[in-house]
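Engineer: Below is one structure. I have some questions about it.
The values are calculated or read from the model by the stated rules, or taken from the named source; none is laboratory data. These numbers were taken from a predicted model, which means no experiment stands behind them. In this analysis, Cβ positions are derived from the backbone assuming ideal geometry, glycine residues included, and neighbour counts consider all displayed protein chains. All accessible areas refer to the heavy atoms of the entire protein, side chains included, with ligands and DNA or RNA removed. Shrake-Rupley method; radii C 1.70, N 1.55, O 1.52, S 1.80 Å.
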Amino acid sequence: MRSDFEAYFAANLPSVASFHPHFNEALAWVLRAGGKHFRAQLVLGVVEAYAPEKVRSAFDVALAVELLHTYSLIHDDLPAMDNAPLRRGVATLHVKYDEVTAILAGDALNTEAFLVLARAPLDEKIRLACVETLGFCGGLNGMVIGQAVDCFFEKKPLNLEELKFLHAKKTGALIAGSMKMGALVAGLSHEECEWIFSLGLKLGLAFQVHDDVLDATATTEAVGKPVLNDGVKNSFTNLLGVEGAVDFRDSLEKEILAELTGSPLFGLVKGLIEKYLK
């Protein structure tokens, strides 16, 4: 499944006919740099767990999620936000080209995600539900408010509940939405979709805690982006210490797997935790 999607992803990078000398290359720059495709794996993994015959019809949903996620990384790296020089082991887009190109490429990937989703080969009601989910999780009610809180409260310490709110929105919402969209494509009930979404929020929180631990303990070469970057940020390691953050991550993972015992999703989530969150 993953190799098939990777081939589909590489063959369907966004581009536009124009005389701009490098805009298409800029659109593809961060996408081609790799990444885990963690969110796409969640979309496709949920479909495969419940309705494997529908996996290929979910490729555009997974692609849309990756386009939206990549837009968020490009904008997060901008000088007005993190001013990061490196992402996925390559120069960030505003460093490679310029800030205007980075802003516009991010804008393009954001809107292209919804165009891809709107054209996905799915039942109209499922397609609309996926558009609604991606818009909710990737916009005002998810990533955007999370990023706004993160930027505004830099150098202003938050308590644990506030920090969990921030990262449930900034990181957790799109991870949860990816799982929910997989459940929608698989044809699960409303109750099952909401249960999977709630699990996704916990998984997203564990993902962010692990990312904070990596920032405090890993090398730039190992993670492909700057580390020791959270000194003035509201991170779990700054609030709980590295050991406390590791304990919190591990407790979240145990809670998630306990809730998934006997579920078709157990193997998927356990495998992703062991591969990416340890």
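Engineer: Heavy-atom accessible area of LEU160 with all protein chains present, probe 1.4 Å, nearest 10 Å²?
Structural biologist: Only protein atoms counted, so the area is about 60 Å².
Engineer: For a quick check, take a GNM of the chain with Cα springs below 10 Å and name the residue from PRO21, PRO79, PRO121 with the largest mean-square fluctuation.
Structural biologist: Checking each option, the largest mean-square fluctuation is seen for PRO21.
Engineer: Please report the orientation-averaged projected area of segment 170-223, defined via the convex hull of its C-alpha atoms, in nm². Intermediate values should be presented prior to the final figure.
Structural biologist: Details: hull surface 16.8 nm².
Computed as one quarter of the Cα hull surface, the answer is 4.2 nm².
Engineer: Would you mind getting me the FRET efficiency between GLU191 and PHE19? Use the beta-carbon distance for r and R0 = 35 Å, nearest 0.05. Walk me through the intermediate numbers first.
Structural biologist: Working: r = 52 Å, r/R0 = 1.49.
It comes out at approximately 0.10.
Engineer: Could you list which residues have their amide H under 5 Å from that of LEU86, counting only those 5 or more apart in sequence or on another chain, with H placed in the peptide plane?
Structural biologist: Those qualifying (amide H under 5 Å, at least 5 residues apart or on another chain) are THR92.
Engineer: Considering only protein heavy atoms and a 1.4 Å probe, what is the carbon-and-sulfur percentage of the accessible area of segment 122-278? Could the numbers behind the result be given before it?
Structural biologist: Working: 4310 of 7250 Å².
That fraction is 59 percent.
Engineer: What whole number of Å gives the distance from the Cα centroid of segment 108-132 to the Cα centroid of segment 244-262?
Structural biologist: The distance from the Cα centre of segment 244-262 to that of segment 108-132 comes to 32 Å.
Engineer: With only Lys, Arg, Asp and Glu charged, each at its Cβ (+1 for the first two, -1 for the last two), find how big the charge dipole of segment 37-119 is about the Cα centre; round to the nearest 20 debye. Before the final figure, lay out each step's value.
Structural biologist: Numbers: 7 positive and 11 negative charges, 55 e Å.
Here segment 37-119 has a charge dipole of around 260 debye.
Engineer: Here's something else I'd like to know. With a 1.4 Å probe and every protein chain left in place, tell me how much accessible area ILE74 has, in Å² to the nearest 10.
Structural biologist: About 10 Å², rounded to the nearest 10.
Engineer: Run lengths n ≥ 4 of DSSP H only: what is the helix-derived mean residue ellipticity at 222 nm for the chain, with -39500 (n - 2.57) per run over all residues, to the nearest 500? Don't jump to the answer; show the numbers that get you there.
Structural biologist: Details: 14 runs with 187 residues, N = 278.
It lands at -21500 deg cm²/dmol.
Engineer: Something else now. So for segment 15-80, considering every pair of alpha-carbon atoms, how many percent are separated by more than 15 Å? Mind showing how you got there, number by number?
Structural biologist: Working: 1304 of 2145 pairs.
I get 61 percent for the Cα pairs in segment 15-80 exceeding 15 Å.
Engineer: Note down the accessible area of VAL55, probe 1.4 Å, to the nearest 10 Å².
Structural biologist: Result for VAL55: roughly 20 Å² accessible.
Engineer: Quick one: of LYS202/LYS270; LYS169/LYS254; LYS36/LYS233; LYS54/LYS270; LYS125/LYS270; LYS36/LYS275, which pairs are farther than 20 Å apart, Cα to Cα?
Structural biologist: Working: LYS202/LYS270 13 Å; LYS169/LYS254 22 Å; LYS36/LYS233 24 Å; LYS54/LYS270 22 Å; LYS125/LYS270 31 Å; LYS36/LYS275 10 Å.
The pairs that break the limit, which is 20 Å between Cα atoms, are LYS169/LYS254; LYS36/LYS233; LYS54/LYS270; LYS125/LYS270.
Engineer: When ligands, DNA and RNA are left out and all protein chains stay put, how many square angstrom of accessible area per residue does the chain have with a 1.4 Å probe? Don't skip to the answer; put the middle values down first.
Structural biologist: Details: 12520 Å² over 278 residues.
Counting only protein heavy atoms, the per-residue value for the chain is 45 Å².
Engineer: Another question, then. Tell me, Kirkwood radius of segment 1-115 from alpha-carbon pair distances, in Å? Present the calculation step by step, with values, prior to reporting the outcome.
Structural biologist: Details: mean 1/r = 0.0682 Å⁻¹.
Roughly 14.7 Å, rounded to one decimal.
Engineer: Which one, THR171, LEU203, VAL116, projects farthest toward the positive side of the charge dipole computed for segment 114-216 from Cβ point charges (K/R +1, D/E -1)?
Structural biologist: Of the candidates, VAL116 comes out farthest on the positive side.
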